[in-house]
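The values are calculated or read from the model by the stated rules, or taken from the named source; none is laboratory data. As the structure is a computational prediction, the values presented were derived from the model and not from experiment. Cβ coordinates were reconstructed from backbone atoms using ideal geometry, including for glycine residues, and neighbour counts include every protein chain displayed.
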């Protein structure tokens, strides 16, 4: 049975969504859950659910890393935090993976220092999945693990993203694109021009440069960029999606005829919302660390936690780290 350690104290509304999502995941996916956090708070929330025969255990952690904590300081000072304990469970082989909806910087710091990077990986990367116009899923990485990256780092991101897309979304040969300011090879800065040249020489299906408008087109499966650009792009996309839904809902309810149209189109509206709902994708895996680590939004609800557990379990079953080690070791990405 796959075992996933869940940081029960990380999210904005913790531990309620973490506990509820864990119960749903244990029931639906047949995984074993280790709920890590302050025992009294976690057990009080767990008592609200029917959990007979579910493989759920509570693992104590006396401290909590908040969204206001500085990642490096929290790593050093709160060594019995729920994030630390969850990471140690993975490090010690007691869990196959961990998830957290807590302070992203702190989770990444703890994972990088406690779990460490794979021997073939110079920099880990945070990979964000999102729906595209063709009904599939595209992956953008890095979206925040690294502010500054060298060409060899982006080449590694491309390989790891390609492996992740194959393992999770079933692509046989994912198309890999490099995010730049134009499709032409000559466009971009010194970093993107060098990366473009290197990606043509490794065994991935590299389709060349792509622009911001291609993120949702479905014409490319894996989009590679440095963490500074990726984080900005991700947050713009998230903010835009929320605004569009808000404006659309307001417009549909503004007049009587629009309200009637809204009533008739509610099924399609809900279907669209489900398709672009971030909670359906669970979270962003931190690729390149020893073990599996999935990081969710601070506002993650029970559905997001459930799906983050699904993603973590899927990555563990797919042995993604072994595949990353094998393929990066056999690919000339360090030159």
Counted residues in the range 167-191 being part of a helix (DSSP H, G or I) and touching a residue at least 24 places away in the same chain (Cβ under 8 Å) come to 4
Condition set assigned to a loop (DSSP other than H, G, I, E, B) and free of Cβ contacts under 8 Å to residues at least 60 places away in the same chain, scope the range 192-208, selection surrounded by the fewest Cβ atoms within 10 Å (Cβ to Cβ): answer is 200
Sole exception among (1) farther than 20 Å from residue 312 by Cα; (2) touching a helix residue (DSSP H, G or I) at 6+ places or on another chain (Cβ under 8 Å); (3) touching a residue at least 12 places away in the same chain (Cβ under 8 Å) for residue 159, by number: (1)
Tell me the residue from 202, 181, 223 that is modelled with pLDDT of 90 or more, more than 23 Å from the chain's Cα centre (by Cα) and closer than 30 Å to residue 313 by Cα, please. 202
On the given criteria, is residue 168 modelled with pLDDT of 95 or more and touching a helix residue (DSSP H, G or I) at 6+ places or on another chain (Cβ under 8 Å)? no
